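Notes follow once the structure below has been shown.
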Ligand SMILES: [Zn+2]
């Protein structure tokens, strides 16, 4: 899905859709199969009325299957991306912004040289890859969850509670 980035953002256009995670082949490199989850995505262009600056809002929401680095089991992790990318017209502009940032005077906004043939899905995929955790882990690994719960003697059984209710 290719757009002219300057025209797209200048006109405030929006593109959105949904596709299976496995169709993002770079994202799924090294991830376990099957990648049968869905990822919804949206790219919206915006032009600041005052400054004339051009922006792209990049959003994606879905999930991917990952390998837990603790127990090596696979699990599905929700992924959410929401980023705003500034567009510049050429490499010189980008270099100038980078120089500002190095000097500690720029913002930490991400900039992109506006491409006449911007691949929207590749942009989404870049953001998704950045959102992948470096060392994915279950919150609680299944092995740990399967351990029998310690018996809590202080807790009355439901029958005892019923018995108490009956007495009143
Ligand atoms: Zn685990």
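Rounded to 0.05, the FRET efficiency of the residue 99 and residue 53 pair, given R0 = 22 Å and the Cβ-Cβ distance, is 0.75. Annotation: for a label point projected 7 angstrom from Cα along Cα→Cβ of residue 63, residues of the range 120-140 with backbone N closer than 15 Å are 137-140.
Applying 1/(1 + (r/R0)^6) with R0 = 35 Å to the Cβ-Cβ distance of residue 89 and residue 16 gives a FRET efficiency near 0.85.
Taken together, the values in this text are just the output of simple stated rules run on the coordinates, not laboratory data. Everything numeric in this text was worked out from a predicted model, so none of it was measured. When we count neighbours, we look across all protein chains shown, and the Cβ atoms used for this are built from the backbone with ideal geometry, even at glycine.
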